[in-house]
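Below you'll find the structure, written out as structure tokens, and then a few comments.
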Amino acid sequence: MRKILQLLMLALTVCGFAQDGSLDSSFNPPTGAKNGDVKAASIQSDGKILVGGDFTLINNASSNKLARLNADGTIDVTFNLGSGFNNSVNGISTQSDGKILVAGNFTAYNGILKNRIIRLNIDGTVDSTFEIGAGFNNTVNGVNIQSDGKIVVFGNFTTYNGISKNRIIRLNTDGTVDSAFNPTAGANNSINSCAVQSDGKIIIGGDFGAFNGVARTRLARLNADGSLDAAFISGITSYMSNSIKTVCIQPDGKIIIGGNFNSYNGTLANYIARLNSDSTLDATFSIGDGFDSSVNSIAIQADGKLVVAGNFSAYNGTYSQRVVRLNMDGAIDSPFSSRSNFGTDGSVNAIAIQSNGRIMIGGSFSKCNNFSRNRIASLDSNGNIDNGIYPFFENGISADGHVRAVAVQPDGKILIGGGFLTYRGISRKSIARLNPDGTLDAAFNVGTGADGLVKKIVVAPNNKIIIAGDFKSYNGAAANGVVQLNADGTLDTAFNAGGSGANNMVNALALQADGKIIIGGTFSMVNGTPRNLLARLNANGTLDASFIPKLTAGNVWTISVQADGKIVIAGLLLQYNYAGNGEILRLNANGSLDTIFNLGGVGTDYFVYSSAVQTDGKIILGGSFSKFNNIPAKGVVRLNANGSLDSSFKVPELYGNVTINDIAIQNDGKIILGGSFDSFGAAVGNSIMRIDMDGTLDPAFATGTGFAYISALALQKDGKLLVGGNYVSYNGSSDVKYIARLNSSNNLSIEHFITDIKINAYPNPVTDYLKFNVQNNVNISGFEVFDVTGKKIDSNILSTNFIDVKNYLAGIYFLRIKTDSGILACKFIKK
């Protein structure tokens, strides 16, 4: 187990060279907080994340005003808050023993009277040892735990448990009033923020104009006993609208304030300032024009840089949409912040920095860095954008129309083709190249692009790109149905120089091992020479005169080249030399009919749109047919190498109107099918499924409600799956359009599944604790549990042979055990 943890730590370290400020998509709450703002966030020592605010739902699960999330953004089902809070949560602070202090404007928690402050045990139950009596009579804005464990509470209250306490109080660890802290009259208006210095003195900021009867406009420092520190005199102008919303202290003792002010001691200071420990303005912190609107929260990183959040849109004249990072001298940290898509579309109210440097933000936004993130997001200085659980092109910022073709270059860049006009708002007509993180590769310049549909894309060994479809020109130059592009997206003018191309649609495209190119479709001429439905081009684009297939009617939709050079073609009503051959036939390398390929009957009864050849020579066909040789076979069949039906291939029965448009075969032999079909089982979503080599459904590939319509599939080297199609949502979330990337096991991470070691889980069905035995004494490092929609609901490290499932809802679940030999998986039922 130690080795596994070391490897995981190494992986995190290696990832540290990616661009700062990119969205951390490993943290991806599927729907986030949809019906209320996030106002507070706190990170536990185990990396779990507490969020509080006005919401009642997190990830579509009831979670009144407070939730705890796992590191990946999923709900921590072990944190049980029952009916939760009856009003806002404004502040959260975690004690060193793991207990959780929560403050706000609530008067009850899980039906128990608790006025505006409560302490919870680590499982979410009420800590009865923290006794507050009548509690506070008005809003509590936050809590701050001192190094000695005592608790500073601040807000807009005037009493605590019936005792007069104006806006600030210090409590003992049991909830009683700390009599050693006596601020007498206190603040005359709300205290919004508080920070404790290393010497025990306390900086407070808010809306007040006096403390203990002495004028102190919006900012003051208290001695450790609660008395006013007379040596610290703030310089905020006393306008009624001015307010300090956040205060923090640097390790060197300097004080940073943010809020809604424009000057300090008569010096321009728009919404942020840094003060020396004596309250004078620190002139070495140069903010220029500062922010253009309020600062709500500031957090200091371990390296001294400042993460600033609020409702602003610019800092010192530079675009900075509500989140920015500043260097220690006040200059903007450009690698983190200066990108056109950086920031949120609504206010950011809370920041929490995790031990690994990731930055949690919460607020009223619905997008972060143009990705759908409802009020919660994580900015990762260590990783590129890549949604493992959810697609990585989201919320209408990818292509603006149907993606018909997808291909992956050897360098990991992604080519997409179809009927779109733009990608992320930038003109890319019918073809674009993306970087591995889903951003547009600006170096691939297609000009005006193709004037019609791009249906197929193939990358040649020399890294040139062949595209085919229903277009007549490319970037203004004549290009009928098939062209070759250079690596930079420009037209390769040496390809088919002087040729006229195909005179009608090209639907199918395949590349032979020798570099020759086979095209199929509805054309009758290629480069002015008769070639009905099928033709082969030399590597330079000229017509291969040695390849003369005698197709006389039909429509070719798919081409697959076998390892022996034979060519499988399929489509609709194909005739070879005027003889009806149905929808499928195989040709020899010279284009003649392969007569040993015998379907043994009439074949399919309708269109075949897709094909793939397995390593054993068997052929998988997909389409919109419902029968093969008059035997029910809806949408997909597998043929033996001689063309006969492989009766051992038993796929799940599909219902409704079925179309299989593309087939992808993984390295482990599993088969992914994409197209258009309705959900037919609890663990399978619409239009996509994965089957084992025998055709049985693979329940580990759980896509929830799936997609509307899939046209193209492509597997990356790392096993991740690219999905192109005509859809505007995935698994019920309208956060993805036309192109997506899924892990090879979708919500299950890409790891090696082992079959020679067995897991025995019991009792099954289970009520409280699911126990398991693993053969061969392999080392176990952790577990994950997924529901039937494919959503991960639980995960943790493991040091025992059981999992607590008491809080799971009744239903079917999939368990994954991580071992040093690979992944073990099984299904169980919770009663």
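Some observations on this one:
- The calculated P(r) of region 506-550, using every Cα pair and 10 Å bins from 0, goes 31, 61, 8 in percent.
- In this structure, the pairs whose alpha-carbon distance is over 19 Å, taken from K254/K305; K99/K305; K634/K737; K455/K650, are K99/K305; K634/K737; K455/K650.
- When you filter the chymotrypsin sites (Phe, Trp or Tyr not before Pro) in region 497-572 for DSSP loop state and at most 12 other Cβ atoms inside 10 Å of their Cβ, nothing is left.
- The three principal axes of the Cα atoms in region 195-291 give end-to-end lengths of 38, 31, 19 Å, sorted in falling order.
- Expected-Rg normalisation [2.2 N^0.38 Å, Cα atoms] applied to region 402-456: 1.01
- Computed over the chain, the alpha-carbon pair-distance distribution with 10 angstrom bins reads 2, 12, 19, 20, 16, 13, 9, 5, 3, 1, 0, each value a whole percent.
- For region 527-639, Kirkwood radius (reciprocal of mean inverse C-alpha pair distance, Å): 14.4
- Computed over the Cα atoms of region 61-119, the ratio of the radius of gyration to the Kirkwood radius (Rg/Rh) comes to 0.96.
- Counting neighbouring Cβ atoms within 10 Å and putting the fewest first, the residues T139, T318 line up as T318, T139.
- Computed P(r) (all Cα pairs; region 468-602; 5 Å bins; percent): 2, 11, 21, 24, 19, 11, 7, 3, 1, 0
- Sparsely packed chymotrypsin sites (Phe, Trp or Tyr not before Pro) within region 408-505, loop by DSSP, other Cβ within 10 Å at most 12: none
- Contour minus Cα-Cα distance for Q197 and K831 (0.36 nm per residue): 223.0 nm
- In region 634-703, inverting the average of 1/r over every pair of distinct C-alpha atoms gives 12.4 Å as the Kirkwood radius.
- Remark: C-alpha extents of region 98-218 on the principal axes read 43, 29, 22 Å, sorted largest to smallest.
- Dividing the Cα radius of gyration of region 223-356 by 2.2 N^0.38 Å, with N the residue count, gives 1.03.
- Shape call, region 557-608: gyration tensor on alpha carbons, a/c limit 1.5: prolate
- Sum of side-chain charges, G142 neighbourhood, beta-carbon under 13 Å (Lys, Arg +1; Asp, Glu -1): +4
- Directionally averaged projected area (convex hull, Cα atoms, region 529-572), nm²: 3.6
- Remark: region 625-635, residue by residue, has Karplus-estimated 3J(HN,Hα) of 7, 10, 9, 10, 6, 6, 9, x, 7, 7, x Hz, where x stands for each Gly or Pro and the curve is 6.51 cos²θ - 1.76 cosθ + 1.60 at θ = phi - 60°.
- Rg over Rh [alpha-carbon atoms, Kirkwood Rh] for region 34-173: 0.94
- Low-density loop cleavage sites - chymotrypsin sites (Phe, Trp or Tyr not before Pro) in region 204-313, where at most 16 other Cβ are within 10 Å (DSSP): Y239
- Percentage of interatomic Cα-Cα distances in region 439-538 larger than 15 Å: 58
- Applying 1/(1 + (r/R0)^6) with R0 = 25 Å to the Cβ-Cβ distance of N801 and T78 gives a FRET efficiency near 0.90.
- Degrees, to the nearest 10: 2-14 long Cα axis against longest axis of the chain: 90
- Length released on extending from T176 to S648, taking residue separation times 0.36 nm less the Cα-Cα span: 162.6 nm
- For region 72-83, the Karplus equation 6.51 cos²θ - 1.76 cosθ + 1.60, evaluated at θ = phi - 60°, returns couplings of 8, x, 6, 5, 7, 6, 7, 9, 10, 9, x, 7 Hz by residue, with Gly and Pro reported as x.
- Using only side-chain charges placed at the Cβ, +1 for Lys and Arg and -1 for Asp and Glu, the dipole size of the chain relative to its Cα centre rounds to 840 debye.
- Cross-link pairs beyond the 27 Å C-alpha cut-off, checked among K39/K831; K429/K566; K670/K717; K720/K818; K550/K717: K39/K831; K429/K566; K550/K717
- As a ratio to 2.2 N^0.38 Å, the alpha-carbon radius of gyration for region 217-270 is 1.18.
- Range of Cα positions in region 570-710 per principal axis (Å), largest first: 47, 29, 23
- By definition, a body whose alpha carbon gyration tensor gives a ≥ b ≥ c is prolate when a/c is 1.5 or more and a/b is larger than b/c, and region 90-139 fits this prolate description.
- The packing ranking of peptides 457-467, 123-133, highest mean first, is 457-467, 123-133, where packing means the average number of other beta carbon atoms within 10 angstrom of each residue.
A short reminder: the numbers here are calculations on the coordinates, not readings from a lab. Quick caveat: nothing in here was measured; it's all calculated off a predicted structure. Please note: Cβ atoms are built from the backbone with ideal geometry, for glycine as well, and neighbour counts cover all protein chains shown.
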